[in-house]
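Contents: one structure, followed by commentary.
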Amino acid sequence: MRRIALTGGLGYLVIFFTGIFANFYVLEEYKVAGDASATFQNFAFNSSMLIWAIVAFVAMVVFDLVLTWVLYVLFRQTDEKLSKITAVLRLINAMFFAVALIQLVDVLELVVTPNPSQFASLQVMEALEQFNNIWLVGLVFFGIHLTLLSKLLKLSNQVHKAVPALLFIAGVGYVIDSILQFTYSGYAEISELSTMVVVLPGLIGELSLTGWLLVKAGRSSNSQSKLCITA
């Protein structure tokens with residue numbers, strides 16, 4: 001179980017680093033809202049970075065699948081049924097994100113084409129929009145996953161009570177934020193506030209869970225025998 005927990009902790013770290021790099025240092029950096037031409041040029045001049053972003057996202061999906069298995073194994077003794085449902089919801093999110101990545105591959109093909117059509121920049125913007133929309137649908141399932149994971153953590157009594165509370169807040173936030181982006185025309189005005197409500201609790205909660213997984217994995221067998229979670 002120590003190796004399984006360590007795998008989960010390392011998996012979380014990979015997900016954090018790859019996600020931050022690909023989303024914030026590439027996509028958000030090169031996409032210019034409302035300017036298809038500038039966006040196209042940014043990605044065309046930095047196509048190698050886009051390739052690395054896609055690779056990073058693929059790694060994120062792979063380790064998300066690994067983490068799905070890890071969390072199920074660690075908490076199945078706490079509540080078998082709830083652990084299965086929680087794992088399935090995370091799996092669904094990963095599947096949605098994998099589908100969304102196809103849109104980024106389309107963007108790459110468009111920006112590296114030697115003689116792009118006059119509509120190529122618009123196609124790039126459309127593909128980026130589709131990527132975001134598919135990702136948002138997946139985040140609804142991820143949000144529900146976090147709320148159920150928070151319940152598992154609370155039932156297990158293995159982490160500080162603040163961790164499941166933060167994950168619950170983040171989970172609800174993901175669901176509400178995703179729905180608002182699809183339905184609320186004035187979302188742009190509240191986007192920063194909504195993002196903070198989702199990101200801060202989720203970041204603190206999942207980083208705390210990551211630390212717990214890593215510490216748990218490094219404990220001696222004698223200390224570990226005191227834990228309720230067993231294989």
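Which ones in the range 74-93 are among the hydrophobic types (A, V, I, L, M, F, W, C) and surrounded by fewer than 19 Cβ atoms within 10 Å (Cβ to Cβ)? Even if it seems obvious, please write down each step before you answer.
Initially, the range 74-93 is screened for residues among the hydrophobic types (A, V, I, L, M, F, W, C), giving 74-75, 82, 85, 87-89, 91-92.
Across the range 74-93, the qualifying residues are LEU82, ILE85, VAL88, LEU91, ILE92.
I'd like the residue in the range 109-142 that is out of contact with any helix residue (DSSP H, G or I) (no Cβ under 6 Å at 6 or more places or on another chain) and either closer than 29 Å to ASN93 by Cβ or of a type in the set (Asp, Glu) (or both) and, out of all such residues, is surrounded by the most Cβ atoms within 10 Å (Cβ to Cβ). Spell out the reasoning first.
As a first pass, look at the range 109-142 and keep what is out of contact with any helix residue (DSSP H, G or I) (no Cβ under 6 Å at 6 or more places or on another chain): 109, 113-119, 126, 128-129, 132-133.
With either closer than 29 Å to ASN93 by Cβ or of a type in the set (Asp, Glu) (or both) added as a condition, the list becomes 109, 126, 128-129, 132-133.
Working: GLU109: 13, GLU126: 16, LEU128: 20, GLU129: 12, ASN132: 14, ASN133: 15.
Filtering first and then ranking leaves LEU128.
Quick check on my filter: what residues within the range 156-168 are farther than 17 Å from LEU89 by Cβ and either within 16 Å of the chain's Cα centre (by Cα) or assigned to a helix (DSSP H, G or I) (or both)? If you could, list the steps in order and put the result at the bottom.
First, pick out the residues of the range 156-168 that are farther than 17 Å from LEU89 by Cβ: 156-163, 165-166.
Correct list: SER156, ALA162, VAL163, ALA165, LEU166.
Taking the range 172-214, which residues are of a type outside the set (Ser, Thr, Tyr) and over 30 Å from LEU10 (Cβ atoms)?
ILE176, ILE179, LEU180, GLN181, PHE182, GLY186, ALA188, GLU189, ILE190, GLU192, LEU193
Could you look through the range 21-38, keep only residues that are surrounded by 13 or more Cβ atoms within 10 Å (Cβ to Cβ) and among the aliphatic types (A, V, I, L, M), and pick out the one that is nearest to ALA94 (Cα to Cα)? Before the answer, list the steps.
Taking the range 21-38 first, the residues surrounded by 13 or more Cβ atoms within 10 Å (Cβ to Cβ) are 21-23, 25-27, 29-32, 35-38.
In the following step, the residues that additionally are among the aliphatic types (A, V, I, L, M) were identified as 22, 26-27, 32, 36, 38.
On the way: ALA22: 16, VAL26: 20, LEU27: 19, VAL32: 27, ALA36: 28, ALA38: 30 Å.
Per the criteria, the residue is ALA22.
Kindly evaluate SER150 against the criterion of being part of a loop (DSSP other than H, G, I, E, B), among the small types (Gly, Ala, Ser) and either over 16 Å from MET1 (Cβ atoms) or at pLDDT 90 or above (or both). Spell out the reasoning first.
Details: part of a loop (DSSP other than H, G, I, E, B): no; among the small types (Gly, Ala, Ser): yes; either over 16 Å from MET1 (Cβ atoms) or at pLDDT 90 or above (or both): yes.
No.
Taking the criterion of being under 19 Å from LEU155 (Cβ atoms) and in contact with a Lys or Arg (Cβ under 8 Å, 6 or more places away or on another chain), would at least one residue in the range 83-101 satisfy it? Spell out how you get there, then give the answer.
Of the range 83-101, the ones under 19 Å from LEU155 (Cβ atoms) are 83-90.
So of that shortlist, the ones also in contact with a Lys or Arg (Cβ under 8 Å, 6 or more places away or on another chain) come out as 83-84.
Among the residues of the range 83-101, at least one is under 19 Å from LEU155 (Cβ atoms) and in contact with a Lys or Arg (Cβ under 8 Å, 6 or more places away or on another chain), which makes the answer yes.
Scan the range 199-226 for residues that are at pLDDT 80 or above, surrounded by 16 or more Cβ atoms within 10 Å (Cβ to Cβ) and not small (Gly, Ala, Ser) and report the count.
8
Go through LEU108, LEU65 for me and flag whichever is more than 15 Å from TYR12 (Cβ to Cβ) and either hydroxyl-bearing (Ser, Thr, Tyr) or touching a Leu at 6+ places or on another chain (Cβ under 8 Å) (or both). Give the steps one after another, and end with the answer.
Values: LEU65 fails: more than 15 Å from TYR12 (Cβ to Cβ).
Step by step, each of LEU108, LEU65 is checked, and only LEU108 is more than 15 Å from TYR12 (Cβ to Cβ) and either hydroxyl-bearing (Ser, Thr, Tyr) or touching a Leu at 6+ places or on another chain (Cβ under 8 Å) (or both).
Six or more apart or on different chains, Cβ atoms under 9 Å: show the pairs whose first residue is in the range 174-202 and outside any helix (DSSP H, G or I) and whose second is surrounded by fewer than 18 Cβ atoms within 10 Å (Cβ to Cβ) and among the β-branched types (Val, Ile, Thr).
TYR184/ILE190
Considering only residues of the range 42-62 that are of a type in the set (Phe, Trp, Tyr) and surrounded by fewer than 22 Cβ atoms within 10 Å (Cβ to Cβ), which is nearest to HIS145 (Cα to Cα)? Give the derivation first.
Quick first cut of the range 42-62, residues of a type in the set (Phe, Trp, Tyr) only: 43, 45, 52, 57.
Retained after the next criterion (residues that are surrounded by fewer than 22 Cβ atoms within 10 Å (Cβ to Cβ)): 45, 52.
Values: PHE45: 38, TRP52: 28 Å.
It comes out as TRP52.
Would you mind finding the one in ILE85, ILE102 that is modelled with pLDDT of 95 or more and either touching a His at 6+ places or on another chain (Cβ under 7 Å) or within 17 Å of LEU146 (Cα to Cα) (or both)? Reasoning before the result, please.
Working: ILE102 fails: either touching a His at 6+ places or on another chain (Cβ under 7 Å) or within 17 Å of LEU146 (Cα to Cα) (or both).
Result: ILE85 is the single residue among ILE85, ILE102 that is modelled with pLDDT of 95 or more and either touching a His at 6+ places or on another chain (Cβ under 7 Å) or within 17 Å of LEU146 (Cα to Cα) (or both).
The values are calculated or read from the model by the stated rules, or taken from the named source; none is laboratory data. Note that the structure is predicted; figures quoted are calculated from it, not measured. Cβ: placed from backbone, ideal geometry, glycine included. Neighbour counts: every protein chain shown.
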